[in-house]
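The values are calculated or read from the model by the stated rules, or taken from the named source; none is laboratory data. Because the structure is predicted, anything quoted here is derived from the model rather than measured. Methodologically, a virtual Cβ is constructed for each residue, glycine included, from the backbone with ideal geometry; neighbour enumeration extends over all protein chains shown. Accessible surface areas use protein heavy atoms only, side chains included; no ligands, DNA or RNA. Shrake-Rupley method; radii C 1.70, N 1.55, O 1.52, S 1.80 Å.
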Amino acid sequence: MNAMRRGMGAVAAAAAMASASAGAQETAVAIGLSGWTGFAPLTLAKEAGIFKKNRLDVSLKKIPQKDRHLAIASGDVQCAATTVETWVVWNANGVATTQIFQLDKSFGADGMAVRNGVARIADLKGKTVAASAPGTAPYFTLAWFLKKNGLSVKDVRVVNLEPQAAANAFVAGAGELDAAMTYEPYLSSVRANPEAGKIIATTLDYPMVMDTFGCTPKFLKDNPKAAQALADSYFEAVDMIKREPKKSFEIMGADVKQSAEAFEKSQAFLRWQDKAANQKFFAGEHAQFSKEAADLLLEIGVIKQIPDLKALADTSFIK
């Protein structure tokens with residue numbers, strides 16, 4: 001009888017352990033992003049163990065913005081970080097995605113570098129500008145800056161270079177570039193080489209770059225708890241930056257081969273958005289900007305029709 005009890009006890013203990021293990025099982029999720037400073041809290045959440053603590057098995061995949069939607073469509077990633085207007089482009093082109101929280105707002109972290117002889121943006125008519133491909137944030141930023149100065153992308157010659165390559169080529173004087181669109185941490189290389197040119201405009205002049213995090217509708221439907229954990233983990237990472245800035249800057253800077261000091265300077269040009277800022281943003285600004293952005297994207301031919309803008313965000317994860 002005692003042997004039988006011991007056997008039953010062992011079975012019960014094994015079942016309890018299996019149940020506990022199942023309850024602690026991590027949800028695997030792949031996230032597409034770039035080395036943009038605004039996305040760095042996602043790297044911090046992974047490297048500091050925040051995702052893992054919240055039962056997420058996260059893989060961060062560096063994918064150029066122009067290709068990120070392809071990774072989502074193929075199932076290679078389930079979620080991504082990108083600019084608000086890019087979600088409009090992806091959904092307009094049949095890649096269904098839903099934004100669930102805001103990451104950052106640019107306060108001078110995105111900009112246009114021009115040669116020292118260029119006095120104003122309007123002088124770029126007929127000139128050569130380096131920018132990522134249509135459908136990306138740098139291309140959209142170029143279109144926005146030009147429109148605000150009476151020009152369109154048709155008035156300049158666009159050479160497609162990713163932000164880091166655009167900054168490097170501009171500083172090196174390669175490719176006969178008159179201007180380049182880039183962002184932090186690469187924009188700082190232009191600041192550090194005034195002989196190459198100057199930064200004529202940034203998002204301080206034109207506040208229109210803001211990033212959000214989103215996933216496929218299928219992932220959100222199948223994994224609501226994991227989606228909540230992703231949002232919670234981001235906000236925890238933002239809190240960690242406030243609480244332990246030096247350690248956080250070291251971790252985030254290492255990902256883009258920057259010292260903690262250099263990274264700290266880069267992040268000064270943007271603002272990561274906590275939960276309160278998220279709630280305020282999605283209460284009105286998100287919809288307003290999405291509409292204006294969609295109109296411009298339609299005007300410059302990046303999209304052929306405007307998708308249902310009301311379906312682009314789910315705010316239930318930031319309440």
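For the stretch 250-319, which fully contained helices (runs of 4 or more DSSP H) count at least 2 residues that are in contact with a Leu (Cβ under 8 Å, 6 or more places away or on another chain) and either among the aromatic types (Phe, Trp, Tyr) or at pLDDT 95 or above (or both)? Spell out how you get there, then give the answer.
On the way: elements: 260-267, 275-280, 286-299.
Of the helices (runs of 4 or more DSSP H) lying wholly inside the stretch 250-319, those with at least 2 residues that are in contact with a Leu (Cβ under 8 Å, 6 or more places away or on another chain) and either among the aromatic types (Phe, Trp, Tyr) or at pLDDT 95 or above (or both) span 286-299.
Kindly indicate whether any position in the stretch 212-219 is open to solvent by 50 Å² or more (accessible area, probe 1.4 Å) and either under 28 Å from GLN288 (Cα atoms) or not in a helix (DSSP H, G or I) (or both).
Start the filter on the stretch 212-219 by keeping residues that are open to solvent by 50 Å² or more (accessible area, probe 1.4 Å), which leaves 217-218.
Next, only the ones that are either under 28 Å from GLN288 (Cα atoms) or not in a helix (DSSP H, G or I) (or both) stay: 217-218.
Yes, some residue in the stretch 212-219 is open to solvent by 50 Å² or more (accessible area, probe 1.4 Å) and either under 28 Å from GLN288 (Cα atoms) or not in a helix (DSSP H, G or I) (or both).
So which of ALA174, ALA130 is within 21 Å of the chain's Cα centre (by Cα) and open to solvent by less than 50 Å² (accessible area, probe 1.4 Å)? Break it down into steps so the answer makes sense when it comes.
Numbers: ALA174 fails: within 21 Å of the chain's Cα centre (by Cα).
Criteria check complete, one pass: ALA130.
So which pairs qualify, if the first residue must be in the stretch 296-317 and touching a residue at least 12 places away in the same chain (Cβ under 8 Å), the second must be assigned to a loop (DSSP other than H, G, I, E, B), the Cβ gap must be under 6 Å, and the two must be at least 6 apart or on different chains?
LEU297/ILE303; VAL302/PRO134; VAL302/GLY135
Do you know which residues across the stretch 30-73 are in contact with a strand residue (DSSP E or B) (Cβ under 7 Å, 6 or more places away or on another chain), in contact (Cβ under 8 Å) with a residue 40 or more places away in the chain and open to solvent by 50 Å² or more (accessible area, probe 1.4 Å)?
Of everything in the stretch 30-73, just one residue is in contact with a strand residue (DSSP E or B) (Cβ under 7 Å, 6 or more places away or on another chain), in contact (Cβ under 8 Å) with a residue 40 or more places away in the chain and open to solvent by 50 Å² or more (accessible area, probe 1.4 Å), namely ARG55.
So which pairs qualify, if the first residue must be in the stretch 216-241 and in contact (Cβ under 8 Å) with a residue 24 or more places away in the chain, the second must be of a type in the set (Gly, Ala, Ser) and surrounded by fewer than 20 Cβ atoms within 10 Å (Cβ to Cβ), the Cβ gap must be under 6 Å, and the two must be at least 6 apart or on different chains?
As it stands, the answer is PRO217/ALA96, since those pairs meet every condition given.
Check off (1) open to solvent by less than 10 Å² (accessible area, probe 1.4 Å); (2) out of contact with any helix residue (DSSP H, G or I) (no Cβ under 6 Å at 6 or more places or on another chain) for GLN258 and give me the number that stays unchecked.
(1)
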